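Student: Okay, here's the structure, questions in a sec.
The values are calculated or read from the model by the stated rules, or taken from the named source; none is laboratory data. Just so it is clear, the model here is predicted, and its values are computed rather than measured. When we count neighbours, we look across all protein chains shown, and the Cβ atoms used for this are built from the backbone with ideal geometry, even at glycine. All accessible areas refer to the heavy atoms of the entire protein, side chains included, with ligands and DNA or RNA removed. Shrake-Rupley method; radii C 1.70, N 1.55, O 1.52, S 1.80 Å.
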Amino acid sequence: MGRAFEYRKARKLKRWGSMSRTFTKIGKEITIAVKAGGPDPNANSRLRALIANAKTANMPKDTIERAIKKASEKDASDYKEVIYEGFGPHGIAILVETATDNTTRTVANLRSYFNKNGGTLGNSGSVAFMFSHKCYFHVAPKDGITVDDLELELIDFGAEEVEQDEEGFVISGAFEANGDIQKYLEDNGFEITSSEFVYEPADYKELTDEQREEVEKLIDVVEDDDDVQNVFTTMAG
């Protein structure tokens, strides 16, 4: 977890500072999950996880239910999850996760942001190999369960690391293990307060404060785009 996790958490709080913006992003994720796995949370593990995320973000229950109902309608927007790759100033690799109903618009906007802020939008595969796709689960404390207990149990389900913070347990593993980890937690009565999929770089690049400002300027512009869900970089936190 460490500083990389804390840095990402701080960026998310900054990016999702507006409640309406947070709800819009979660709503898109709900739409994608419903279209992929149906509107019944009991039969759709990804939707269950997103509902937990929505509650953590203080999204009202009726708003969540409306988002699920709207996603189930035949004329609902058909969002695609598309990842774009590129380089920012000073050789910082950047992955941009989007949820878009118009890839032509999205790629044109992103190319413009990169070009105007000292970066270059690359081809698929140009930087993805520098990152690992991982899942994170945030779990409420449970009486009688320690970090060591949980880690021992979850190792067989693909968990790579289990740590404890002020809010409970934080479990991480390879993206492919997310279904098995979630099932174990649910089957054993753990409360999943939130979860996320992230791209973590193998190595981070240290920058000076001035260089960091240049990269941050590009990231801020990219994150302001309505089609963008997440941005991951190799810049050290």
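Student: Using only the Cα atoms of the chain, what do you get for the radius of gyration and for Dmax, in Å?
Tutor: Answer for the chain, Rg first and Dmax second: 18.3, 54 Å.
Student: So between Asp224 and His133, what do we pick up on full extension, going 0.36 nm a residue minus the alpha carbon distance?
Tutor: 30.4 nm
Student: Per residue, how large is the accessible surface of the chain? Use a 1.4 angstrom probe and give square angstrom.
Tutor: 52
Student: Normalising by the residue count of segment 68-134, find the relative contact order in percent from Cα pairs under 8 Å and 6+ residues apart.
Tutor: 34
Student: Working out 0.36 nm times the residue gap between Glu65 and Ala174, then minus their Cα-Cα distance, what length gain in nm do you get to one decimal?
Tutor: 36.2 nm
Student: Report, in listed order, any pair from Lys28/Lys70; Lys25/Lys205; Lys25/Lys69; Lys28/Lys74 with a Cα-Cα distance greater than 22 Å.
Tutor: Lys25/Lys205
Student: Continuing with the same structure: Percent of accessible area on the chain owned by carbon and sulfur, 1.4 Å probe?
Tutor: 49
Student: For His90 and Thr56 in one chain, what is 0.36 nm times their gap in residues minus the Cα-Cα distance, to one decimal in nm?
Tutor: This chain segment gains 8.6 nm when fully extended.
Student: Could you pull the Rg and Dmax for segment 130-186, using just the Cα atoms, both in Å?
Tutor: Rg and Dmax of segment 130-186, Cα atoms, are 10.9, 39 Å.
Student: If you don't mind, there's one more thing I want to ask. Report, in debye and to the nearest 20, how large the dipole of the chain comes out about its Cα centre when Lys and Arg carry +1 and Asp and Glu carry -1 on their Cβ.
Tutor: 1160
Student: Beyond 18 Å, how much of the Cα-Cα pair distribution for segment 44-94 remains, as a whole percent?
Tutor: Summing the P(r) tail past 18 Å for segment 44-94 gives 55 percent.
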